[in-house]
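Just below is one structure, and these are the notes that go with it.
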Amino acid sequence: MTEHLVDPDVPRDLHAFIAGLPKAELHVHHVGSASPRIVSELAARHADSKVPTDPEALVDYFTFTDFAHFIDVYLSVVDLIRTPEDVRLLTYEVARDMARQQVRYAELTITPFSSTRRGIDEGAFMDAIEDARKAAEAEFGTVLRWCFDIPGEAGLESAEETARLATDDRLRPEGLVSFGLGGPEIGVARPQFKPYFDRAIAAGLHSVPHAGETTGPQTVWEALIDLRAERIGHGTSSAQDPKLLAHLAERRIPLEVCPTSNIATRAVRTLDEHPIKEFVRAGVPVTINSDDPPMFGTDLNNEYAVAARLLGLDERGLADLAKNGVEASFLDAPGKARIADEIDTYTAAWLAS
Ligand SMILES: Nc1ncnc2c1ncn2[C@@H]1O[C@H](CCC(=O)c2cccc(C(=O)O)c2)[C@@H](O)[C@H]1O
Ligand SMILES: [Zn+2]
C-alpha cells in the first residue's frame with residue numbers, strides 16, 4: 001500500500017495483514033480503475049484530452065463537488081478510451097494493479113455502450129477485454145469476470161444496446177457473469193429497466209444494479225422487486241428502512257459497500273456517519289469494495305482498513321469480511337472454496353507468526 005493511504009487509526013501490522021490478505025472484489029468500475037499511471041499513458045496517446053497527465057494535478061481534478069460533478073469527470077476519462085488497444089491496455093493494467101493488492105478474483109463493471117457509441121467496433125471491444133482477461137489470469141493470477149452495466153442517464157437506447165451486447169451469442173464474452181445499472185439515480189427510475197434485466201436474467205446473467213447510493217430505500221426495493229437484484233451496488237440508504245434491512249438479512253442479499261466512494265461523491269457526509277455498522281448489526285451480508293479507486297484516492301486495501309476501523313475488526317474479522325466477498329461472488333463452488341481456503345491458510349500463518 002502506498003504510504004499516503006495508511007490510515008493512522010489502524011495499527012501498522014493490520015495494514016500489513018490486509019496487504020497480504022487474498023481478496024475478491026465485486027464492485028469496481030473498469031474506467032474508474034484507471035490509475036494515474038494508466039490515465040497518463042492514455043492521455044499521452046490522445047493529446048487533445050482535457051484530462052491532466054500530471055499525478056499532482058489529477059488529485060485536484062478528482063475532487064468532486066457532488067455526484068453529478070463526479071459523473072462529468074468520469075466521462076472525461078471515458079473519452080480517453082478510443083481504440084480497442086486502449087481498451088486492452090486499460091483492462092490488462094487494471095488487473096496488474098489488482099494483483100499487487102492480492103485480489104484473486106474481480107467482477108469488473110464495464111459500460112460497453114460508452115465505447116460502442118464512441119465508435120469502437122463491438123466485436124473488437126469484446127476481443128480486447130477477453131484478450132486482457134486471459135493474459136491477466138495467466139500472467140498475474142487474477143481471475144477477472146465482467147458485469148455489463150447500463151449507464152442509466154443515457155436512457156433506454158443505452159439499455160437496449162447493453163442488453164443486446166450482453167445477450168447476443170455472437171458477441172457476448174465468455175467472462176460475462178452479470179448485468180448492472182449505474183450512473184445517477186435521481187430522475188432515473190429503476191423500474192423502466194425491467195425488460196432489459198428480464199432479458200439478461202433469461203440469458204443466464206446475474207442482476208447487480210446500483211441502488212440506494214444517492215436516493216432513498218425505495219430505490220433499493222425497486223431494484224429487488226423489479227430488477228430482481230441478487231446483490232445491491234452500495235445500498236447505502238437501506239439503513240433508513242428497518243424492514244428493508246431485515247429483508248436483505250433474511251434473503252442473504254449482499255450489499256457492495258464502498259465507504260470512501262460514498263464520501264467522495266458526497267452520498268455520505270463523513271466516514272464516521274457511514275451506515276456499515278448498522279448493516280452488520282442487522283445481519284446483512286456486507287462486502288467491501290473500492291468502486292473507482294484512483295478517482296476516490298483509495299484502493300481495495302485501504303477500504304479494508306477503513307472497514308476495520310469502522311467495525312473494530314481484528315485479523316479474524318478482516319478474514320471473515322474477505323470471505324463474505326468470496327461467498328457473495330459469482331464464482332462456482334470450487335472456485336469459492338479455493339480462495340476461502342487461501343484466506344484461512346494465510347490468516348492462520350499470520351496469527352502463528
Ligand atoms: N459510484 C458510481 N455510481 C454509479 N455509477 C458509477 C459509479 N462509478 C462509476 N460509475 C459508472 O458511471 C457510468 C455513468 C455513465 C453515464 O452516466 C453516461 C451518461 C450519458 C452518456 C454516457 C456515455 O458514455 O456516452 C454515459 C455508469 O454506467 C457506471 O458504470
Ligand atoms: Zn459503482
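Each reported figure results from applying straightforward, stated rules to the coordinates on display, with no laboratory input. The shown structure was predicted, so the numbers you read here are calculated from the model rather than taken from an experiment. All Cβ positions, even for glycine, are placed from backbone atoms using ideal geometry, and neighbour counts span all protein chains on display.
Anything in the range 22-61 that is in contact with a strand residue (DSSP E or B) (Cβ under 9 Å, 6 or more places away or on another chain), among the aliphatic types (A, V, I, L, M) and away from ligand 1 (no atom under 15 Å from the Cβ)? List them, or say none. Full working, then the answer.
Taking the range 22-61 first, the residues in contact with a strand residue (DSSP E or B) (Cβ under 9 Å, 6 or more places away or on another chain) are 22-33.
Still in the running and among the aliphatic types (A, V, I, L, M): 24, 26, 28, 31.
Once the filter is applied, which keeps residues that are in contact with a strand residue (DSSP E or B) (Cβ under 9 Å, 6 or more places away or on another chain), among the aliphatic types (A, V, I, L, M) and away from ligand 1 (no atom under 15 Å from the Cβ), the range 22-61 yields only A24.
Looking at the range 7-51, which of its residues are part of a loop (DSSP other than H, G, I, E, B) and either within 24 Å of the chain's Cα centre (by Cα) or closer than 18 Å to G317 by Cβ (or both)? Step through it out loud before you land on a result.
Let us first name the residues in the range 7-51 that are part of a loop (DSSP other than H, G, I, E, B), namely 7-11, 21-22, 30, 34-35, 46-51.
Result: D7, D9, V10, P11, L21, P22, H30, A34, S35, V51.
Could you say whether any residue in the range 98-112 is touching a residue at least 12 places away in the same chain (Cβ under 8 Å), within 27 Å of T215 (Cα to Cα) and in contact with a Pro (Cβ under 6 Å, 6 or more places away or on another chain)?
Scanning the range 98-112, I find at least one residue that is touching a residue at least 12 places away in the same chain (Cβ under 8 Å), within 27 Å of T215 (Cα to Cα) and in contact with a Pro (Cβ under 6 Å, 6 or more places away or on another chain), so the answer is yes.
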Take the range 212-250 and flag every residue that is outside any loop (DSSP other than H, G, I, E, B), within 16 Å of E185 (Cα to Cα) and among the charged types (D, E, K, R). E222
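Any chance the range 83-90 includes a residue that's in a helix (DSSP H, G or I), out of contact with any Pro (no Cβ under 7 Å at 6 or more places or on another chain), of a type in the set (D, E, K, R) and surrounded by 19 or more Cβ atoms within 10 Å (Cβ to Cβ)?
Restricting attention to the range 83-90, the residues satisfying the condition of being in a helix (DSSP H, G or I) are 84-90.
After this cut, where a residue has to be out of contact with any Pro (no Cβ under 7 Å at 6 or more places or on another chain) as well, the list is 84-90.
Subset that is of a type in the set (D, E, K, R): 85-86, 88.
Those left that are additionally surrounded by 19 or more Cβ atoms within 10 Å (Cβ to Cβ): 86, 88.
Within the range 83-90, one or more residues are in a helix (DSSP H, G or I), out of contact with any Pro (no Cβ under 7 Å at 6 or more places or on another chain), of a type in the set (D, E, K, R) and surrounded by 19 or more Cβ atoms within 10 Å (Cβ to Cβ).
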So L165 fits all but one of (1) within 16 Å of ligand 2 (Cβ to nearest atom); (2) in contact with a Phe, Trp or Tyr (Cβ under 7 Å, 6 or more places away or on another chain); what number is the exception? (1)
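Would you call A138 more than 16 Å from ligand 1 (Cβ to nearest atom), of a type outside the set (D, E) and at negative phi? Steps first, answer last, please.
Details: more than 16 Å from ligand 1 (Cβ to nearest atom): yes; of a type outside the set (D, E): yes; at negative phi: yes.
Yes; evaluated as a whole, the condition is true for this residue.
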Take the residues in the range 263-293 that are closer than 21 Å to K23 by Cα and within 12 Å of ligand 1 (Cβ to nearest atom), then tell me which one is nearest to the chain's Cα centre (by Cα). D291
Do you know which residues across the range 18-72 are among the β-branched types (V, I, T) and either within 15 Å of ligand 2 (Cβ to nearest atom) or surrounded by 18 or more Cβ atoms within 10 Å (Cβ to Cβ) (or both)? I18, V28, V31, I38, V39, V51, I71
So, in the range 211-230, of the ones that are crowded, with 20+ Cβ neighbours inside 10 Å and within 19 Å of H274 (Cα to Cα), which residue ends up farthest from ligand 1 (Cβ to nearest atom)? P217
Subset of the range 251-279 [touching a strand residue (DSSP E or B) at 6+ places or on another chain (Cβ under 6 Å) and assigned to a helix (DSSP H, G or I)]: S261, I276, F279
In the range 132-144, is there at least one residue being closer than 30 Å to R100 by Cα, under 16 Å from the mean Cα position of the chain (by Cα) and acidic (D, E)? no
